[in-house]
Amino acid sequence: MPPDALTLLVADDESLARDLVRRYATSQPGLEIVAECATGDDLADALAHQRPDLLLLDIRMPGRDVFGVLEREAAGPRPLPSVIFATAYDSYAVRAFELNAIDYLVKPYTEERFAEAIRRVRTRQAADRSTDRRVIRDLGSHPDRLLVPDGRKMVPLAIADIVWIKAEDDYARVFAGGRSYLVSRTLKELEVRLDPERFVRIHRSAIVQTPHIREVVGVGGSRYRVRLSDGTDVLVSRSRAPELRKWML
């Protein structure tokens, strides 16, 4: 068996979708489907008895909620397998990557896109073996990546690369790597997912990541202006100034 061989559990309530995965999998050396599930209940039962290397999961299936099944399994003593989500509903993308999923396939997806997802799993598992880390870590409140929209596709964005986040009505704009991404989450929703040891809300409409702060300048009274690594200046509100001062010596 090759060192990067993978066992795969497929969960999808559509038989045609499972057939498609089965066909795509035959072109991937060292990839073996060991179980197929059609409901969330089937998925829970399968995970109670076996631990494949990889789960390819539809999100909306009859029976138990898929996210609930994963959260329950993550609370147990055994590490979760790697996870790829596959769904026709891209509205679940942010939550999927909050769970540190390795990839998110929007149906209908091609064989090439499937192969790319399998490559990502193998790359991640090789890296995790070299550093003795779990492929999917805690399913808690501080993910290391988010999935953000980029045109007609979704791309993973490392949390460490986020410079700051700006509120835009019921959305939030994330600034990272010289680009910005509009996500369908409020600033409040994102704030509870971010590590408070790294992120600070300096205004009702702005969160900044502290490693990206380059200077803080007083602008009179108890107000400040923060300059970030991308050259952006963000004003600190009076009510949020105490939060920023916690970082000052």
Inverse mean reciprocal Cα-Cα distance (Kirkwood Rh) of the chain, Å: 19.8
Solvent-accessible ranking of Lys153, Lys188, largest area first, probe 1.4 Å: Lys188, Lys153
Charge dipole magnitude, Cβ of K and R +1, D and E -1 - the chain, Cα centre, debye nearest 20: 1280
The chain - percent of accessible surface contributed by carbon and sulfur, probe 1.4 Å: 49
Residues of type aspartates and glutamates that Lys107 reaches as a straight line, Cα spacing below 15 Å, ignoring anything fewer than 8 places off in the same chain: Asp12, Asp13, Glu14, Asp19, Asp58, Asp90, Glu116
Surface/4 estimate of mean projected area, convex hull on alpha-carbon atoms of region 8-84, nm²: 4.7
Reach of Lys166 by Cα under 13 Å, taken over aspartates and glutamates that are not fewer than 8 positions away in the same chain: Glu189, Glu191, Asp233
Acute angle (nearest 10 degrees) that the helix 111-131 long axis makes with the longest principal axis of the chain, alpha-carbon atoms: 70
Kirkwood hydrodynamic radius (C-alpha pairs) into Stokes-Einstein, region 155-249, 20 °C and 1.002 mPa s, D in µm²/s: 160
With Cα atoms, 0 to 90° folded angle of helix 40-49 axis to the chain main axis: 80
Net charge of Cβ neighbours under 13 Å - reference Asp45; Lys, Arg +1; Asp, Glu -1: -2
In degrees, nearest ten, helix 15-25 long axis to first principal axis of the chain (Cα): 90
Listed residue pairs exceeding 27 Å between alpha carbons, taken from Lys153/Lys188; Lys153/Lys246; Lys188/Lys246: Lys153/Lys246
Kirkwood hydrodynamic radius over Cα pairs of region 1-46, then Stokes diffusion coefficient at 10 °C and 1.306 mPa s, in µm²/s: 142
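The values are calculated or read from the model by the stated rules, or taken from the named source; none is laboratory data. Fair warning: this is a prediction, and the values are worked out from it, not measured in the lab. Glycine also receives a Cβ, built like all others from the backbone with ideal geometry; neighbour counts cover every protein chain displayed. Heads up: the accessible areas ignore ligands, DNA and RNA and are worked out on the full protein's heavy atoms, side chains in. Shrake-Rupley method; radii C 1.70, N 1.55, O 1.52, S 1.80 Å.
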